[in-house]
Amino acid sequence: MATFKTSLRKNDTIVVIAGKEKGKTGKVLRLIPDKGRVLVEKINLVKRHSRPSALHKQGGIIEKEAPIAVSNVLIRCPKCNAERRVEHKALEDGTKVRVCRKCNEVLDA
């Protein structure tokens, strides 16, 4: 199975650029590189019926996030405050960082 390359990382703030959730912003909870999908906080909520268990004592209908395609999201640049594409650059000390294409702001802390 092929893995998809992406410049997203956990805890990145992203914007959905396509689909029913278009325009919404959220934080990346988990990456699923095998399927090219990403789990985003409060985005693509689905309802699932569950039986009572140790995790969910009550059971019933539970709302949870479903994965969304990586191609449908872009990173939000904190300086531009807009969704932007990302490029990779090497700093003087040799470390590689993600950089905003528009304002050249380093996205990695």
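Is it the case that Gly26 is over 21 Å from Cys103 (Cβ atoms), small (Gly, Ala, Ser) and not in a loop (DSSP other than H, G, I, E, B)? For Gly26, the condition - over 21 Å from Cys103 (Cβ atoms), small (Gly, Ala, Ser) and not in a loop (DSSP other than H, G, I, E, B) - is met. Asp93 meets the conditions (1) surrounded by fewer than 11 Cβ atoms within 10 Å (Cβ to Cβ); (2) in a strand (DSSP E or B) in every case but one. The failed one is (2).
When each of Leu8, Leu39 is tested for being part of a strand (DSSP E or B), touching a strand residue (DSSP E or B) at 6+ places or on another chain (Cβ under 8 Å), at pLDDT 95 or above and not basic (Lys, Arg), the lone residue that passes is Leu39. The residue that is modelled with the lowest pLDDT, counting only those in region 47-70 that are surrounded by 10 or more Cβ atoms within 10 Å (Cβ to Cβ) and hydrophobic (A, V, I, L, M, F, W, C), is Ile62.
Taking region 50-81 as the search range and keeping residues that are in a strand (DSSP E or B), of a type in the set (A, V, I, L, M) and without any contact (Cβ under 8 Å) to a residue 24 or more places away in the chain, which one is nearest to Val16 (Cα to Cα)? Filtering region 50-81 for residues that are in a strand (DSSP E or B), of a type in the set (A, V, I, L, M) and without any contact (Cβ under 8 Å) to a residue 24 or more places away in the chain, the one nearest to Val16 (Cα to Cα) comes out as Ile62.
The set of residues from region 11-23 being crowded, with 16+ Cβ neighbours inside 10 Å and assigned to a loop (DSSP other than H, G, I, E, B) comprises Asp12, Glu21.
The values are calculated or read from the model by the stated rules, or taken from the named source; none is laboratory data. Owing to the predicted nature of the structure, the values given are computational and were not obtained by experimental measurement. Positions of Cβ are backbone-derived with ideal geometry, glycine not excepted, and every protein chain shown enters the neighbour counts.
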